[in-house]
Amino acid sequence: MAGAGVIGLAIGFGAQSLVKDVITGFFIILEDQFAVGDVIQTGNFRGTVEMIGLRATRIRSWTGEVHIIPNGSINEVTNYSINNAIAVIDIPIAHEERLEQATEVIRAVLSKLDDPNMTAPAEFLGVQAVGTTEVTLRVTVECKPNSQAAVARKVNADLKKAFEEQGIEAPYPRMVTVHRGEGRERTGGT
């Protein structure tokens, strides 16, 4: 009788977990939190939803791993497939380059930019940061969900080609030399 009680208790705890998974799965489907084909992140898992069941959800990461997650352990979800995304492209140029020339080249490239994933024209925001060896310029492009990486790669390639044609150089790290003599030190960039 005691053994049956222990077995019944174990089944009860197992059933509790199963019931939690099923109820959570029911609400995921009912509330349409995500659908098959959406790119989501839950906990440390990010990927494309391949299957939503009442008990578990299957997600495939972009590198090919398949994660099967019990619905009861899905506490929060970020869905990347609902709204448009923003591609943010930072373009470093050397301090020695003329800012006006680089700006003209960027605007010319952006005016010709055509990609089916873009939902709005690219926007040149201006100087984002000034570092010790470079000035960073920023461009943003609104694009379809989950396409920002492809759009950013295209913009970078087009800008690189245009910069090469116009002779605009990327920043290089500066070397500092220390001159010692007669009890004092001088530093100078080379």
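The values are calculated or read from the model by the stated rules, or taken from the named source; none is laboratory data. Note that the coordinates shown come from a computational prediction; the quantities given were computed from them, not determined experimentally. Note that each Cβ is placed from the backbone with ideal geometry, even for glycine, and that neighbours are counted across all protein chains shown. Ligands, DNA and RNA are stripped out before the accessible areas are found, and what is left, the full protein with its side chains, is counted by its heavy atoms. Shrake-Rupley method; radii C 1.70, N 1.55, O 1.52, S 1.80 Å.
Figure note: 110, 54 ranked by solvent-accessible area, largest first, 1.4 Å probe, ligands and nucleic acids not counted: 54, 110.
With the whole protein complex present, residue 161 retains an accessible surface near 120 Å², based on a 1.4 Å probe. The 1.4 Å probe gives accessible areas that order 163, 26, largest first, as 26, 163.
From the protein chains alone at 1.4 Å, what is the descending order of accessible area for 42, 132, 48, largest first?
On the way: 42 10, 132 120, 48 55 Å².
Reading off the accessible areas and sorting them downward yields 132, 48, 42.
Taking 4 °C and 1.567 mPa s as conditions, the stretch 72-144 diffuses translationally at an estimated 91 µm²/s according to Stokes-Einstein applied to its Kirkwood radius (Cα pairs). Across all Cα atoms of the stretch 10-83, the radius of gyration (one decimal) and Dmax (whole number) stand at 12.4, 44 Å. Between the beta carbons of residue 169 and residue 23, assuming R0 = 45 Å, the FRET efficiency works out to 0.15 to the nearest 0.05.
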